[in-house]
Amino acid sequence: MRVMTYFKKIWVWVFAADLLLAFSCFGQNANCPVIDSSAYKIKQPSCGKSDGSITGIKVQSSGTKILYFWHDVNNKNIVIGRTVNLTDVAAGTYMLEVTDNSGCGGSVYSKEITLEDVNAIQFNDENVIVHGSGCGNDGSIKGIVVSNATLYTWVNVSTGDTVLQSATQTDLTNVPPGTYQLTASNGSCQYTSKDYEVSSSTILPRIVGYKITPGTCGALPSVVEVSLSLNPDQDRLTYYFFNKAGLILSTGFLLPKDIPNPVIKAAESSGADSVSLYVYNNVCLILLGKYYLPTTEMSVSVSQSVVSNDHCNQKLGYIYPAIINGGRGSNKWVYEWTDASTGKIVGLGKTLDRVGAGTYNFKVTSES
């Protein structure tokens, strides 16, 4: 019994050694392509973008046709690149597969190469909690976890108004009903969230869009037009446009059965830089949106002005200035022309005429 057991062990050992020898010979097949990754270079992707790359790998082959297949090691069934260089990829771990027609009988693979995000922002809203808003504008969005950001900016999507900007706080609190979006950023990267809806206990109109017409210098007011879509189940509401000083610019009723898609507007001429739209439900005022009204400054276009030169010092020259955003003539304008070399006033009308060669400055102001 001892002799038989001894020979059985020797036989198993020899069989295993033969297998190892055969495998080793196959792996060193001289016909297989050789991947040289000793000098490869990587470009790390930035900010979660697909701008990373792996270049510099060299392949030696005795065949006449070489095929390249890049794989993400987490999903090897998908080919993400078919050249020796891998470009325009996001963070991940990648491996190059090479095959040729040299008679190798199989593919050879590179080592795994990892690309990491540079300064990327990590954003997790799996546990976000959104609370609706009542008359006290007490809506909130809480529970978003962000890492590697240095600034958090919450924006009201409907108006573009920044409602919170903080270096530490991701929670948004004490806001009226509306749609909000968070942008987390650092020195080189930013991540913008999906939209979060803060609902209201009152059925509110939906803001479809808005248009702002800037005012002109002392001539025309700034105008904001807001397009609404009313819910058929909505009760009658009263809307108010207020300027920054709290003055009512316009008001009216919102009646879904009569006008389901109204366009409401307000004109602001006091110089305030914003207008706020509220609705009143017979209990409280609810903010729908805030709109900023830039004023377009009047200017003079030198290139579009008409200039006629003087001839032989006869003082036949004249200038007709092209005034941009000058209103519709509802204001009294005060004009002043001065000689640039002397500073003396040479004209008080809109057109400067009967002047000799020289350089002239034009000034226009409004009396109102």
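Considering (1) open to solvent by 90 Å² or more (accessible area, probe 1.4 Å); (2) not in a loop (DSSP other than H, G, I, E, B), the lone condition that Pro232 does not fulfil carries the number (2).
For the stretch 30-80, a residue qualifies if it is under 14 Å from Glu97 (Cα atoms), open to solvent by 30 Å² or more (accessible area, probe 1.4 Å) and among the small types (Gly, Ala, Ser), and exactly one does: Ser61. Kindly evaluate Asp138 against the criterion of being out of contact with any Lys or Arg (no Cβ under 9 Å at 6 or more places or on another chain), of a type in the set (D, E, K, R) and surrounded by 14 or more Cβ atoms within 10 Å (Cβ to Cβ). So Asp138 fits the description; yes.
Quick check on the stretch 124-135: of everything there that is in a strand (DSSP E or B) and farther than 25 Å from Gly48 by Cα, which residue is least open to solvent (accessible area, probe 1.4 Å)? Even if it seems obvious, please write down each step before you answer.
Of all residues in the stretch 124-135, those in a strand (DSSP E or B) come to 124, 129-131, 133.
Imposing the further condition that a residue be farther than 25 Å from Gly48 by Cα reduces the set to 129-131, 133.
Values: Ile129: 92, Val130: 59, His131: 97, Ser133: 3 Å².
Within the stretch 124-135, the match that is least open to solvent (accessible area, probe 1.4 Å) is Ser133.
Criterion applied to Lys363, Lys344, Lys332 was being surrounded by fewer than 12 Cβ atoms within 10 Å (Cβ to Cβ), under 30 Å from Pro221 (Cα atoms) and either of a type in the set (Asp, Glu) or modelled with pLDDT of 75 or more (or both), and the one residue passing it is Lys363.
Restricted to the stretch 249-295, and to residues that are open to solvent by 20 Å² or more (accessible area, probe 1.4 Å) and of a type in the set (Val, Ile, Thr), which residue is modelled with the lowest pLDDT? So the residue we want is Thr295. Would you check if there is a residue in the stretch 151-159 being touching a Ser or Thr at 6+ places or on another chain (Cβ under 9 Å), in a loop (DSSP other than H, G, I, E, B) and either of a type in the set (Val, Ile, Thr) or surrounded by 12 or more Cβ atoms within 10 Å (Cβ to Cβ) (or both)? Yes, the conditions are met somewhere in the stretch 151-159.
The values are calculated or read from the model by the stated rules, or taken from the named source; none is laboratory data. Please read all numbers here as calculations on a predicted model, not as lab measurements. Cβ sites come from the backbone with ideal geometry, for glycine too, and all protein chains shown count toward neighbours. Accessible surface areas use protein heavy atoms only, side chains included; no ligands, DNA or RNA. Shrake-Rupley method; radii C 1.70, N 1.55, O 1.52, S 1.80 Å.
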